[in-house]
1. Answer with yes or no whether Ala92 is modelled with pLDDT under 95 and surrounded by 12 or more Cβ atoms within 10 Å (Cβ to Cβ).
2. Taking the stretch 20-50 as the search range and keeping residues that are surrounded by 15 or more Cβ atoms within 10 Å (Cβ to Cβ) and in contact with a Pro (Cβ under 6 Å, 6 or more places away or on another chain), which one is farthest from Ala88 (Cα to Cα)?
Amino acid sequence: MNEQQIIQKANLVREAIGGLIIGFPIEEQSPSSPYAVAVFLNGDCKLFPNLGDISDTAEAIFAIMEACEEEGIKINFDQHVRLITYVAQLKAPDVRMRRALKKDRKRGIRY
């Protein structure tokens, strides 16, 4: 997926569920897909593609939030951040994701 396609996908996600900072796997069906983060501020979209796994992406999101605060832009994680994971990533051969999946199953959530 090229950068323009990733931005289009981020725009679709933003239209559907909102958010100013959106992190998501570039390839929905690939368990090992790298993540991208799109930041929507002041009418622009800044893209950070190929960030690695969900842990790397979370770190990048927190760094972006800190940078925004330094510029006087208040970002509330619950209101402004969307970090998406698809079923392929939940079922990936990664211990952290298996733990998350196991917790969901205990709560009665099935994928």
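The values are calculated or read from the model by the stated rules, or taken from the named source; none is laboratory data. Owing to the predicted nature of the structure, the values given are computational and were not obtained by experimental measurement. Cβ placement follows ideal geometry from the backbone for every residue including glycine, while neighbour counts extend to all protein chains displayed.
1. When the stated conditions are applied, Ala92 passes them.
2. Among those that are surrounded by 15 or more Cβ atoms within 10 Å (Cβ to Cβ) and in contact with a Pro (Cβ under 6 Å, 6 or more places away or on another chain), it is Ala36.
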